[in-house]
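*Asks:* Mind having a look at this structure? Questions to follow.
The values are calculated or read from the model by the stated rules, or taken from the named source; none is laboratory data. Here the structure is a predicted model, which is why all the values come from computation and not from measurement. Counting neighbours? That spans all protein chains shown, and the Cβs are built from the backbone with ideal geometry, glycine included.
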Amino acid sequence: MTSLQRILHVDDEPDIREVAKLTLEAIGGFTVETCSSGRQAIDRAPHFAPDLILLDIMMPGMDGPATYQELQKLPATANIPIIFMTAKAQAHEIDQYLGLGAAGVIIKPFDPAELSEQVTDIWGKCR
């Protein structure tokens with residue numbers, strides 16, 4: 001089993017990107033690359049070669065599910081596990097995201113102190 005080291009985090013909110021990056025790096029010891037849009041993630045992901053992608057559901061332009069579908073088409077990113085992050089947390093919505101093929105769903109607002117552990121737990125289940 002490969003260890004989780006590199007995370008690509010995609011969110012259109014600068015504050016959320018900053019908090020997630022700081023806590024994932026400081027608490028989890030991960031290397032984190034951030035993107036502000038789905039298009040940017042599609043461009044950067046093959047070069048960054050993340051072990052895992054944290055992907056916001058609601059973004060302007062290309063939303064999380066559309067970004068996920070595009071990432072699935074690229075040989076370099078087709079097998080990278082994706083965790084959706086969303087404030088839309090009703091059971092049927094979570095089931096829908098998991099049905100798309102996501103490894104897991106993290107509910108926003110997330111607790112920065114617990115984010116690394118949540119990511120690590122989901123990573124362990126999908127490996």
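*Asks:* Could you give every pair whose Cβ atoms fall below 8 Å, whose first residue belongs to region 66-79 and is among the hydroxyl-bearing types (Ser, Thr, Tyr), and whose second residue is assigned to a loop (DSSP other than H, G, I, E, B), counting only separations of at least 6 or pairs across chains?
*Replies:* Thr67/Met59; Tyr68/Leu100; Tyr68/Gly101; Tyr68/Ala102
*Asks:* Quick one: count up the residues across region 18-48 that are touching a Pro at 6+ places or on another chain (Cβ under 8 Å), within 19 Å of Glu70 (Cα to Cα) and buried (at least 18 other Cβ atoms within 10 Å of the Cβ).
*Replies:* Counting residues in region 18-48 that are touching a Pro at 6+ places or on another chain (Cβ under 8 Å), within 19 Å of Glu70 (Cα to Cα) and buried (at least 18 other Cβ atoms within 10 Å of the Cβ) gives 1.
*Asks:* Can you tell me which residues in region 102-127 are under 19 Å from Asp12 (Cβ atoms), touching a strand residue (DSSP E or B) at 6+ places or on another chain (Cβ under 9 Å) and part of a helix (DSSP H, G or I)?
*Replies:* Leu115
*Asks:* Return the residue satisfying two criteria in turn: it lies in region 1-17 and is exposed (fewer than 15 other Cβ atoms within 10 Å of the Cβ) and either touching a Pro at 6+ places or on another chain (Cβ under 6 Å) or hydroxyl-bearing (Ser, Thr, Tyr) (or both), and of such residues it is farthest from Val119 (Cα to Cα).
*Replies:* Filtering region 1-17 for residues that are exposed (fewer than 15 other Cβ atoms within 10 Å of the Cβ) and either touching a Pro at 6+ places or on another chain (Cβ under 6 Å) or hydroxyl-bearing (Ser, Thr, Tyr) (or both), the one farthest from Val119 (Cα to Cα) comes out as Thr2.
*Asks:* Could you check how many residues of region 68-101 are farther than 23 Å from Ala45 by Cβ, in a loop (DSSP other than H, G, I, E, B) and among the β-branched types (Val, Ile, Thr)?
*Replies:* Total satisfying the criteria: 0.
*Asks:* Report, ordered by the first and then the second residue, all pairs with beta carbons closer than 6 Å, sequence separation of six or more or different chains, a first member in region 14-37 that is under 17 Å from Asp111 (Cβ atoms) and of a type in the set (S, T, N, Q), and a second member that is buried (at least 17 other Cβ atoms within 10 Å of the Cβ) and at pLDDT 95 or above.
*Replies:* Taking only residues 6 or more apart or on different chains, the pairs are Thr23/Leu115.
*Asks:* Residues Gly124, Gly104: which one is out of contact with any helix residue (DSSP H, G or I) (no Cβ under 7 Å at 6 or more places or on another chain), small (Gly, Ala, Ser) and closer than 13 Å to Leu52 by Cβ?
*Replies:* From the options Gly124, Gly104, the qualifying one is Gly124.
*Asks:* If you don't mind, another one. Quick check on this structure: which one of Ala89, Ala26 is more than 14 Å from the chain's Cα centre (by Cα), of a type in the set (A, V, I, L, M) and modelled with pLDDT under 95?
*Replies:* When all the criteria are applied, what remains is Ala89.
*Asks:* Hey, any hits in region 53-60 for a residue that's assigned to a strand (DSSP E or B), of a type in the set (A, V, I, L, M) and in contact (Cβ under 8 Å) with a residue 60 or more places away in the chain?
*Replies:* There is at least one residue in region 53-60 that is assigned to a strand (DSSP E or B), of a type in the set (A, V, I, L, M) and in contact (Cβ under 8 Å) with a residue 60 or more places away in the chain.
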